[in-house]
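The values are calculated or read from the model by the stated rules, or taken from the named source; none is laboratory data. As the structure is a computational prediction, the values presented were derived from the model and not from experiment. Please note: Cβ atoms are built from the backbone with ideal geometry, for glycine as well, and neighbour counts cover all protein chains shown. Just the protein is used for accessible areas: all its heavy atoms, side chains included, with ligands, DNA and RNA removed. Shrake-Rupley method; radii C 1.70, N 1.55, O 1.52, S 1.80 Å.
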Amino acid sequence: ERSDERERLVSGAKVVAQALKTQDVNYMFGIVGIPVTEIALAAQELGIRYIGMRNEQAACYAASAVGYLTGRPGVCLVVSGPGLIHALGGMANANMNCWPLIVIGGSSERSQETMGAFQEFPQVEACRLYSKFSARPSSIEAIPSIIEKAVRSSIYGRPGACYVDIPADFVNLQVNVNSIRYVECCMPPPVSMAESSAVCMAASVIRNAKQPLLIIGKGAAYARAEENIRKLVEQCKLPFLPTPMGKGVIPDNHPNCVGAARSRALQFADVIVLFGARLNWILHFGLPPRYQPDVKFIQVDICAEELGNNVRPAVSLLGDINAVTKQLLEQFDKTPWQYPPESKWWKILREKMKSNEALSKEFAFKKSLPMNYYTVFYHIQEQLPRDCFVVSEGANTMDIGRTVLQNYLPRHRLDAGTFGTMGVGLGFAIASALVAKDRNPGQQVICVEGDSAFGFSGMEVETICRYNLPIILLVVNNNGIYQGFDTDTWKEMLKFGDATIVAPPMCLLPHSHYEHVMIAFGGKGYFVQTPEELQKSLRQSLADTTKPSLINIMIEPQAMRKAQDFHWLTRSNM
Ligand code: ADP
Ligand code: MG
């Protein structure tokens, strides 16, 4: 009779895990400790993959990338107080990127609230700024419905981060199983379509465009609109420009991709259709001098509040990108239309692309050592597997790398994103590798990091080695932030005083052997200084998939990007 009684009890930790499992949540990243260890154990018991990370921030980045890649949120599990606070960076980044994410934070005992409990902090309030939804269940019985609401909120409408607070006293409290009702898995997000009159008007604005341009953002990638957007591009023969993470929705080597003439395309287009891309800093706010003052924007977005930001759109198409693109295609099926391939606009774009490509080739083929960015990326691109994930962060490393490294598949590029966050790379790489392992074994992850960017989450190399993930880390090392100094200059500088006084704040220790971080945990490390060494080590890393590797690539510490048309706004404007 007694054992029956025990079987009918369930802990708060198990209820959290079961509620997540019921909502089809499959990945949990975190760091265990008081009071959440039991939640991680219970989740793992139910078949949720648990990935123990070394810093909550990286764990949160990883969980958010799972949301972007799979359309189902990953969980970041953190301890109270400082654990939760470390995760705020990841929540903010996810929310800014419009990526779904669930953060579950343990919190101090309710009976000690306001008494100065261990790691006490107003967690629900703290998360509000970084999330769409932040709540604490009022009882163990309320956990399933709050978790269902969090998961649903994270993927409905504009995706984003959600927080659920679990007080320590819930975790081990046992309640009667029969008192718990698990809420059914929430339905996939309902699909919304644009008003049909607006769709007609959009089609007519496009038909009358002299210099049209489609911009494909990461919203289009998230919406899985690749098939329909590609149809639209090919049927209407329109030039398109991907944003950094919109790369790959249509392959970068598609003949209609005008990525290599980005500034020119933005500056002279007279009609621009935005598929899931905001007119924020990445797109220079949609304003002159980067655009024509009278350019007509057609905005496609799932978020009504986004429509009209910074620029008054010619047409607003409120709805799901995939559905709205289908609506547009119907218009062009009814009355077929093509943008003339021999137009002056195509000629302008093609010429600019050719000259930009020639210029970056010229840099790439420079024989001088240390290597420059273009040489490095050219050799990486030569060997890049077509289906690999490309994760990248850094300043020049990311900006220049994006122009050379090609994406052929949607949702296969992850970078510093809308928030320009440094430190996301290793977490994103870990998430990509896990998703690849489950969905497409054999697929590799190439993570291209600046030396400074690598430092933010460098200890996650241990995580990579512990789970033996198919990740190749490339550290593009210029001994500094933006720019650094060579060893001789560094030594010379120190003659004038202590480094805290004389070393420019951009400096990092020259000639650092980051590859030893990988070697320390059993992976393979390479230190390369020439194109030949780079080629060889990359070939070996790609061939030997039994171990992760790190290639530390020394480049010219003062290497810069080629001259830009708009030098006063140098970021992401090539
Ligand atoms: P990028 O950085 O690539 O320019 P942004 O993150 O600025 O992209 O913009 C993405 C936009 O996509 C957001 O405004 C978001 O509301 C929107 N979005 C996300 N999912 C969908 C969807 N399924 N349908 C339509 N819009 C979406
Ligand atoms: Mg650097």
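Below is a table of values for the structure above.
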| read-out | value |
| --- | --- |
| Whole-percent carbon and sulfur share, accessible surface of the chain, 1.4 Å | 55 percent |
| With at most 10 neighbouring Cβ atoms within 10 Å, loop GluC sites (Glu not before Pro) (DSSP) excluded, longest segment of the chain | 343-574 |
| Percent of Cα pairs exceeding the 18 Å cut-off, where the set is the range 106-161 | 43 percent |
| Range of Cα positions in the range 190-252 per principal axis (Å), largest first | 34, 29, 18 |
| The range 244-396: C-alpha gyration tensor shape, a/c 1.5 cut-off, then a/b vs b/c | prolate |
| Exceeding the 28 Å Cα-Cα cut-off - candidates Lys14/Lys218; Lys361/Lys437; Lys296/Lys326; Lys149/Lys547; Lys237/Lys352; Lys361/Lys547 | Lys14/Lys218; Lys361/Lys437; Lys149/Lys547; Lys361/Lys547 |
| The chain: calculated mean residue ellipticity at 222 nm from DSSP helix runs of at least 4, using -39500 (n - 2.57) | -11500 deg cm²/dmol |
| Within the range 360-400: Cβ-based charge dipole about Cα centre, in debye rounded to nearest 20 (Lys, Arg +1; Asp, Glu -1) | 220 debye |
| Accessible area in square angstrom per residue, the range 175-260, 1.4 angstrom probe | 43 Å² |
| Environment charge of Val66, counting only residues whose C-beta is closer than 11 Å and scoring Lys/Arg +1, Asp/Glu -1 | +1 |
| Per DSSP, loop chymotrypsin sites (Phe, Trp or Tyr not before Pro) in the range 394-442 with at most 16 further Cβ within 10 Å | Phe419 |
| Solvent-accessible area per residue, Å², over the range 298-337 with all protein chains present [probe radius 1.4 Å] | 46 Å² |
| Given charges at beta-carbon only (K, R positive; D, E negative), |dipole| of the chain in Debye | 1720 debye |
| Percentage of interatomic Cα-Cα distances in the chain larger than 36 Å | 40 percent |
| Cα pair distances exceeding 16 angstrom across the range 42-170, given as percent | 59 percent |
| Total charge dipole magnitude, the range 358-512, about the Cα centre, Cβ charges on Lys, Arg, Asp, Glu only, Debye to nearest 20 | 440 debye |
| Unit charges at the beta carbon, dipole of the chain: most positive-side option, Ser432, Leu46, Ala304 | Ala304 |
| Among Gln444, Phe389, Pro313 - extreme Cα towards positive end, dipole of the chain, charges at beta-carbon | Pro313 |
| Restricting the range 137-184 to trypsin sites (Lys or Arg not before Pro) in coil, as DSSP defines it, with at most 13 other Cβ within 10 Å | Arg181 |
| Farthest toward positive dipole pole in the range 65-135 [+1 Lys/Arg, -1 Asp/Glu at C-beta], among Ala94, Ala126, Gly106 | Ala94 |
| The range 201-314: C-alpha gyration tensor shape, a/c 1.5 cut-off, then a/b vs b/c | rounded |
